[in-house]
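Asks: Dropping a structure here in structure tokens format, bear with me for questions.
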Amino acid sequence: MDLVDIFIGRQPIFTKKTRVYGYEMLFRSSNQHNFAQFSQAEKATASVLANLLGDFGFHHVVGEGNKAFINFSEALLLDETELILSPRDVVIEILEDVKVTPRLIERVKRLKKRGYSIALDDYIFDSDLSKLEPYADIIKVDVLAIEQAGLDITRHVERLLDKGMMLLAEKVETLAQFEAYSRMGFKLFQGYFFAKPNVIQGRSLPTNQANLLRLLVELNKPNDEACLSDVVLLVSHDVSLSQKVINMISTFNVNVKVNSIHEAVLRFGLDRLRAWVNIMLLSGVENKPTELFKTALVRAKFAEQMGGVLGGAKPETYFTVGLFSVLDAVFDLPKPGLIKKMELNDDIKGALMEHKGPLGYALCCVKEIEKGTFDFRLPGRVEVLNTARWYLESIHYAEKVLSSLK
């Protein structure tokens, strides 16, 4: 498997004495573009986290004792993405365009209780973000926007300083701006006057998306039924995934030496691993709708349930057939060539390629149901009502598994 180029941007944040306090981590798609190019805030942050934690190594990029400022959209705030981040090392930046709802406020409260520092990004004092002021540690004030709007922010600054908040002036471009905002009481500064973002380039071993999806399924089994040995097996069978999980350990335990994948998974924890797999899936799929993975999971669950009646193979084999039935669409490769490269037994290959045997029959049934057809022939031991119920249950299952990626 060939290595691929990966990139991450960082812009330093300085104290009043021009010492580095931390870095804002920025999405970059190449070393030729020192600006962001993305269509989804979630995907941008996912790529930053995947590269920072799984490949470059957190402390190699941020340094010991410095903070990493990481942008969080509304969707990532409502998820438990923060589980993969150490509270002592990061500042969660809430983007200016989030919709502040009671649910989001409760999530921010929980983040505070877990010890995370909260920053409000691109603050101009008249935004909806003001509802989050009581929970913020740092207010990032967009000085360019303030000056262009001709706003007098003196009373706002005094009010926030009286509350003990730390103020950060961002988009500082001149010495005059630095000195003026220093006099006002700002403690942190960021902008082109100090340093433009620099792009760090590295190399990464790609992670197999199918393995990630299998791991996500295992980690989302109901009633805490995820089997540790199965999780370890799935991780250990993917060199890239194993390397990234071991790299992640250093974010939480800098001096710990990991002796095995089993130990790495134990130290990392299943909840944290689940959040990490979500991030990896979100960051690694180019222009692929979540609906495609939902289809894979619906087919997998349906086939598994029908397989319990049809027999002839283990339920997990039926599940695998359904899961792999969309891989050609995921990887934009012809199905025959893709299946040939995979180490699958002949029954699975026959089911995927020609709908052979009971495995292929289950796959064929769910595909017909997707088209709205229920008049296909069924074995005597399978009733039409059962297939309808299995399909609805499979949709519910898929939505639950992928809810964190919506």
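Asks: Please arrange ARG19, ARG114 by counting, for each residue, the other beta carbons lying within 10 Å of its beta carbon, fewest first.
Replies: Going from least to most buried by this count: ARG19, ARG114.
Asks: Any idea how far apart ALA388 and ASN345 come out in nm if each label point goes 7 Å out from Cα toward Cβ?
Replies: Distance between label points: 3.5 nm.
Asks: Going by amide H atoms built from the backbone, whose H comes under 5 Å of the H on TYR123, apart from near neighbours?
Replies: For TYR123, whose amide H was placed from the backbone, the distant partners under 5 Å are LYS140, VAL141, ASP142.
Asks: Sorting TYR21, TYR192 on the 10 Å Cβ count, fewest up front, what's the list? Walk me through the numbers before you get to the answer.
Replies: Details: TYR21 21, TYR192 12.
Arranged by neighbour count, lowest to highest, TYR21, TYR192 become TYR192, TYR21.
Asks: Could you give the length gained by full extension between ASP97 and GLU158, i.e. 0.36 nm per residue of separation minus their alpha carbon distance, to one decimal place?
Replies: Taking ASP97 through GLU158 to full extension adds about 19.5 nm, to one decimal.
Asks: Let me ask something else about it. Put a dot 7 Å past each Cα toward the Cβ at LEU292 and LYS335; how far apart are the dots in nm?
Replies: 1.5 nm
Asks: Grab the other residues whose beta carbon is less than 13 angstrom from that of GLY65, score K and R as +1, D and E as -1, and report the net.
Replies: Details: positive: ARG19, LYS67, ARG88; negative: GLU64, ASP89.
With Lys, Arg at +1 and Asp, Glu at -1, the net is +1.
Asks: When THR15, THR387 are ordered from fewest to most other Cβ atoms inside 10 Å of their Cβ, what list results?
Replies: Ordered by Cβ neighbours within 10 Å, fewest first: THR15, THR387.
Asks: For MET184 and LYS371, calculate 0.36 nm times their separation in residues minus their Cα-Cα distance, and state this gained length in nm to one decimal.
Replies: 60.9 nm
Since every read-out is calculated from the coordinates, none of them should be taken as a lab result. Bear in mind that the values here come from a model prediction, so they are computed numbers and not experimental data. Cβ atoms come from the backbone with ideal geometry, glycine included; neighbour counts cover every protein chain shown.
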